[in-house]
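Colleague: Take a look at the following structure, please.
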Amino acid sequence: MLTAPKKKPNSKSKDKKSAYFDHAAGTYLSNQALAAMMPFFNKDFGNPSSLHSEGKKAEMGLKDSRRMAADLIGALPENIVFTSGGTESDNLAIYGIAKAHEKHGKHIISSPIEHHAVINSLEDLKKQGWEITYVQPDSKGFIKIGDIVKAIRPDTVLISLAYANNEIGTIYPIPEIGKQILQYRKTNNTIYPFFHTDACQAAGYLDLDVEKLHVDLMAISGSKIYGPKGVGMLYVRRGVTIKPQIMGGDQERGARSGTENTPGIAGLVKALELAQKNREKESARLEVLLKYLWEKIHKLIPDIRLNGPEIGPQRLPNNLNISFLDTEGEALLLYLDEYGIMCSTGSACAARTLEPSHVLKALGIPAVEARGAARFSLGMRNTKKDIDYLMKYLPATVKKLREISRMN
Ligand SMILES: *Cc1c(COP(=O)(O)O)cnc(C)c1O
């Protein structure tokens, strides 16, 4: 494994010293979200379940957050379950449905390019006797709706597909898929299968109206939308029963016990409000930046490959995943970090060997290409200046890594 260079860039340079391109992994908290959280730390600090006035104040705040969250996704307040993040929301959706409906059947449909919060939950259920069908995507991550419908069996209880992929930005036509699932249920006169979507990456850029999406469950995380980390929510359609996975004082109408994270929830909901309010404008702005970055890379660096769909309506406007042939993504990440440039890699460094990303692998991208993958995910504070700063160092860094790789 390569290590990062020792030499720091010239500290006298007047140029920008850092550029953050890892918004798909984590965003800074917006000032508005922070302001929304503040009162609940030590002013309205009560436990929302307490009956006295301090408790009532906290309960009022929680109630406001819940109503606002519901409004933002076209749902009712009682459809919202606040959780500890995207991972718990996905887990609650999958285990919650599985454990409540296993008498009907033990089959779930998903894709091999889902987030680990979904994949690892499904693989765990597999060990408990469940059957999982992973519908094969094409090389850009798309799945034929027909293939999903064909995979439905009488014992299928759940279909789980991300709204937008976190690694390669592929956007799924959730409204169309949802419609087809509804049609199947109607034709077969059944309430199954339920439809869950992981909207953690989509929440900043796409329409979240659950009626248009025709979803029964939808997961959202605070940390990808300029809200706080460790807080999320799960939408659960009325009439859809889930088995709680955390037992205790029956908070969240029994769906998720534990004292509610009142500051976190207020921050999450404020972040979601801003994300949905600004999503069209911000998507358009980021797509221009993304195209600018892609064109520069395309022009200045040979032997590259865009992973995922073309830039456009079927790709998240902030996601660029590129394989730089004859490089290792992780080395590239570490070299760029020395210049204050932060991105992420398609590969996870596991057990001292470079494991290619499960997503790129599932798309049939050869291991040598997958190893050289880097993801640049743009966000709110990025401007053309950041791209120019990145492009000052990226071509030479890639060239250097290729020279090193040829020497070995
Ligand atoms: C980040 C992310 C998650 C996990 O969310 P946490 O809040 O970190 O638990 C799940 N799914 C997707 C698509 C994500 O991007």
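Colleague: Can you give me the % of accessible surface on region 203-329 that is carbon or sulfur? Probe 1.4 Å, all protein chains present, nothing else counted. Let's see the in-between values first.
Modeller: Details: 2600 of 5210 Å².
Whole-percent figure for carbon plus sulfur exposure: 50.
Colleague: Please identify every one of the trypsin sites (Lys or Arg not before Pro) in region 31-75 that sits in a loop by DSSP and has no more than 15 other beta carbons within 10 Å of its own beta carbon.
Modeller: Values: sites: 43, 56, 57, 63, 66, 67; in loops: 43.
Those that pass, being in a loop and sparsely packed, are 43.
Colleague: Next up: Could you report the accessible area of residue 111 in Å², rounded to 10, computed with a 1.4 Å probe on the protein chains as they sit in the structure?
Modeller: 0 Å²
Colleague: Cα-Cα over 30 Å: which of 179/224; 361/399; 144/212; 179/299; 43/270; 212/384? Walk me through the intermediate numbers first.
Modeller: On the way: 179/224 27 Å; 361/399 25 Å; 144/212 20 Å; 179/299 42 Å; 43/270 18 Å; 212/384 35 Å.
Beyond 30 Å: 179/299; 212/384.
Colleague: Report the accessible area of residue 259, computed with a 1.4 Å probe over the heavy atoms of all protein chains in place, in Å² rounded to the nearest 10.
Modeller: Roughly 80 Å² of residue 259 is accessible to a 1.4 Å probe.
Colleague: When DSSP assigns beta bridges and you keep just the ones with both residues in region 31-274, what percent turn out antiparallel, to the nearest 5?
Modeller: Counting only bridges with both partners in region 31-274, antiparallel ones make up about 40 percent.
Colleague: Taking only C-alpha pairs under 8 Å that are 6+ residues apart, what is the relative contact order of the chain in percent? Don't skip to the end; give the middle numbers.
Modeller: Details: 815 pairs, mean separation 94.4, N = 408.
After rounding, I find 23 percent.
Colleague: I'd like the accessible area for residue 148: 1.4 Å probe, protein heavy atoms, all chains in place, Å² to the nearest 10.
Modeller: 0 Å²
Colleague: Using the Karplus equation 6.51 cos²θ - 1.76 cosθ + 1.60 (θ = phi - 60°), what ³J(HN,Hα) coupling, rounded to whole Hz, does each residue of region 179-190 give in order, writing x for Gly and Pro?
Modeller: Working through the residues one at a time gives 4, 5, 5, 4, 4, 4, 4, 5, 4, 9, 6, 9 Hz.
Colleague: A follow-up question, please. Show me, for region 313-322, the HN-Hα J-couplings you get by feeding each phi into the Karplus relation (A = 6.51, B = -1.76, C = 1.60, θ = phi - 60°), rounded to Hz, glycine and proline as x.
Modeller: After applying 6.51 cos²θ - 1.76 cosθ + 1.60, I find x, 9, 10, 3, x, 10, 10, 10, 10, 10 Hz.
Colleague: Compute the accessible area per residue over region 121-211, keeping the other protein chains in place, probe 1.4 Å, unit Å².
Modeller: I get 40 Å² per residue for this part.
Colleague: I've got another one for you. So what is the orientation-averaged projected area of the chain, using the convex hull of its C-alpha atoms, in nm²?
Modeller: Working: hull surface 85.0 nm².
The number I arrive at for the chain is 21.3 nm².
Colleague: Still on this structure, please answer the following. Identify all aspartates and glutamates with a Cα-Cα distance to residue 63 below 19 Å; exclude those on the same chain that are fewer than 8 residues away in sequence.
Modeller: By straight Cα distance, residue 63 reaches 44, 54, 71, 78, 250, 252, 260, 273.
Colleague: Which loop trypsin sites (Lys or Arg not before Pro) in region 356-408, with loop taken from DSSP, have no more than 14 other Cβ atoms within 10 angstrom of their Cβ? Don't skip to the end; give the middle numbers.
Modeller: Working: sites: 361, 371, 375, 381, 384, 385, 392, 399, 400, 402, 406; in loops: 381.
Taking region 356-408 and a limit of 14 other Cβ atoms within 10 Å, the loop trypsin sites (Lys or Arg not before Pro) found are 381.
Colleague: Can you classify region 32-71 as rounded, prolate or oblate using the Cα gyration tensor, where a ≥ b ≥ c are the square roots of its eigenvalues, rounded means a/c under 1.5, and otherwise it's prolate if a/b beats b/c and oblate if not?
Modeller: Working: a/c = 3.42, a/b = 1.25, b/c = 2.75.
It is oblate, given that a/c is not under 1.5 and a/b is not larger than b/c.
Colleague: Accessible area per residue of region 272-329 at 1.4 Å probe, in Å²? It would help to have the intermediate numbers written out before the result.
Modeller: Numbers: 2740 Å² over 58 residues.
With all protein chains present, region 272-329 gives 47 Å² per residue.
Colleague: Expressed as an acute angle from 0 to 90° and rounded to the nearest 10, what is the orientation of the C-alpha long axis of helix 116-127 relative to the principal long axis of the chain?
Modeller: Rounded to the nearest ten degrees, it is 60.
Colleague: What residues have an amide H closer than 5 Å to that of residue 24, excluding those fewer than 5 places away on the same chain, when H is modeled at 1.01 Å from N in the peptide plane?
Modeller: Placed amide hydrogens put 377 under 5 Å from residue 24.
Colleague: Got a sec to turn the phi values of region 295-308 into Karplus ³J(HN,Hα) couplings, 6.51 cos²θ - 1.76 cosθ + 1.60 with θ = phi - 60°, whole Hz, x for Gly and Pro?
Modeller: 5, 5, 4, 4, 6, 9, 10, x, 6, 10, 8, 7, 8, x
Colleague: Next question, about the same structure. Taking only Cα atoms and a 10 Å spring cutoff, compute GNM fluctuations for the chain and point out the largest among 380, 247, 68.
Modeller: Of 380, 247, 68, the most mobile in the Gaussian network model is 247.
Colleague: If the reach is capped at under 12 angstrom between alpha carbons, list the aspartates and glutamates near residue 243, excluding any in the same chain fewer than eight residues apart.
Modeller: Straight-distance partners of residue 243: 102.
Colleague: Moving on to the next point. Does region 73-118 come out rounded, prolate or oblate by the C-alpha gyration tensor, with a ≥ b ≥ c the root eigenvalues, rounded set by a/c under 1.5 and, if not, prolate when a/b is larger than b/c and oblate if not? Don't jump to the answer; show the numbers that get you there.
Modeller: Numbers: a/c = 1.97, a/b = 1.26, b/c = 1.57.
It comes out oblate by the Cα gyration axes.
The values are calculated or read from the model by the stated rules, or taken from the named source; none is laboratory data. If you're wondering where the values come from, they're calculated on a predicted model, not measured in any experiment. Cβ atoms come from the backbone with ideal geometry, glycine included; neighbour counts cover every protein chain shown. These accessible areas exclude ligands, DNA and RNA; they are computed on the full protein's heavy atoms, side chains included. Shrake-Rupley method; radii C 1.70, N 1.55, O 1.52, S 1.80 Å.
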